[in-house]
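Notes follow the structure.
The values are calculated or read from the model by the stated rules, or taken from the named source; none is laboratory data. This one's a predicted model, so the numbers in the text were calculated from it and none came from an experiment. A quick note on method: Cβ atoms are made from the backbone with ideal geometry, for glycine too, and the neighbour counts reach across all protein chains shown.
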Amino acid sequence: MRLYQLPATAKKTILAFLLLLTSGVLFGFGFFMTSIGTSSAATVIHYAGDAVNPDEFDFAENLPKPLPEMFITTHNHLLGFAFIFAPLCLLFYFNSIITGLLKTLLLVEPFISVLITFLSIWGIRFLSPAFVIVTIIAGALTYIAYFLLTGTIAFELLFKKERSR
């Protein structure tokens, strides 16, 4: 069974699900953009806090993210993205547009990039600000994968038709 072969009601239901899911993803992205932004420096400050010169009488304006907040942020995002990508990948599995090795890669990659994204914020917080590069790349891959999967599913549901023999 392929997505384009589904009955019209199933197609409409899946498209409604994709619309709702994409709305949630975009609102989450909007929250991130308005609270942290696109700057790598702002991302480092958000997790690791301000760098303070110990030789000067200076106070950090932004403190490092507390350990309990690191745990809850990681917990919520890993579970949340798992519940975003599980049904999305299940639907994508039945697409007929992308096949072979690329399909396999796109089915697995989102789970890996989400894990790397949220493990790398721990790297920012406890190891080195350089982990921000990993966070940005893995985060970008997560969103690229999301929109590739969603776009492919929607395209097949809306435009692909059964070929007459």
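A few comments on the model shown:
- Residues located in region 114-152, provided they are under 19 Å from Leu91 (Cα atoms), among the small types (Gly, Ala, Ser) and under 14 Å from the mean Cα position of the chain (by Cα): Ala145
- Looking only at residues in region 104-132 that are small (Gly, Ala, Ser) and buried (at least 18 other Cβ atoms within 10 Å of the Cβ), the one that is farthest from Thr152 (Cα to Cα) is Gly123.
- Taking the listed residues Ser128, Ser120, the one that is small (Gly, Ala, Ser) and not in a helix (DSSP H, G or I) is Ser128, with no other qualifying.
- The C-beta contact set for region 1-13 (first residue closer than 12 Å to Lys160 by Cα, second residue of a type in the set (A, V, I, L, M, F, W, C) and not in a helix (DSSP H, G or I), distance under 8 angstrom, 6+ apart or interchain) comprises Arg2/Phe94; Leu3/Phe94.
- Criterion (over 16 Å from the mean Cα position of the chain (by Cα), under 30 Å from His46 (Cα atoms) and among the aromatic types (Phe, Trp, Tyr)) met by exactly one of Phe111, Phe71: Phe71
- Tally, over region 78-135, of residues that are of a type in the set (Gly, Ala, Ser) and in contact (Cβ under 8 Å) with a residue 60 or more places away in the chain: 1
- Matching residues, region 93-103, being assigned to a helix (DSSP H, G or I) and closer than 13 Å to Thr152 by Cα: Tyr93, Leu102, Lys103
- Of the criteria (1) in contact with a Gly (Cβ under 8 Å, 6 or more places away or on another chain); (2) more than 22 Å from Gly28 (Cα to Cα); (3) of a type in the set (A, V, I, L, M, F, W, C); (4) assigned to a helix (DSSP H, G or I), which one Val134 fails: (2)
- Looking across region 59-92, just one residue is surrounded by fewer than 13 Cβ atoms within 10 Å (Cβ to Cβ), closer than 29 Å to Thr152 by Cα and aromatic (Phe, Trp, Tyr), and that is Phe83.
- For region 29-45, the set of residues classified as hydroxyl-bearing (Ser, Thr, Tyr) and farther than 16 Å from Phe118 by Cα consists of Thr34, Ser35, Thr38, Ser39, listed by residue number.
- Every pair of residues 6+ apart whose Cβ atoms lie under 7 Å, when the first sits in region 142-160 and is on the phi < 0 side of the Ramachandran plot and in contact (Cβ under 8 Å) with a residue 12 or more places away in the chain while the second is assigned to a helix (DSSP H, G or I) and of a type in the set (S, T, N, Q): Thr142/Ser113; Thr142/Thr117; Ala145/Ser113; Thr150/Thr22
So that you can scan it fast, the table gives a plain yes or no per residue for (1) modelled with pLDDT of 90 or more; (2) farther than 20 Å from Ala138 by Cβ:
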residue: Leu15; (1), (2): yes, yes
residue: Ser23; (1), (2): yes, yes
residue: Ala48; (1), (2): yes, no
residue: Pro54; (1), (2): no, yes
residue: Leu63; (1), (2): no, yes
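- Test: residue in region 23-36 that is within 20 Å of His77 (Cα to Cα) and not in a helix (DSSP H, G or I): yes
- Out of Thr152, Thr135, one residue alone is crowded, with 17+ Cβ neighbours inside 10 Å and over 25 Å from Ala16 (Cα atoms). It is Thr135.
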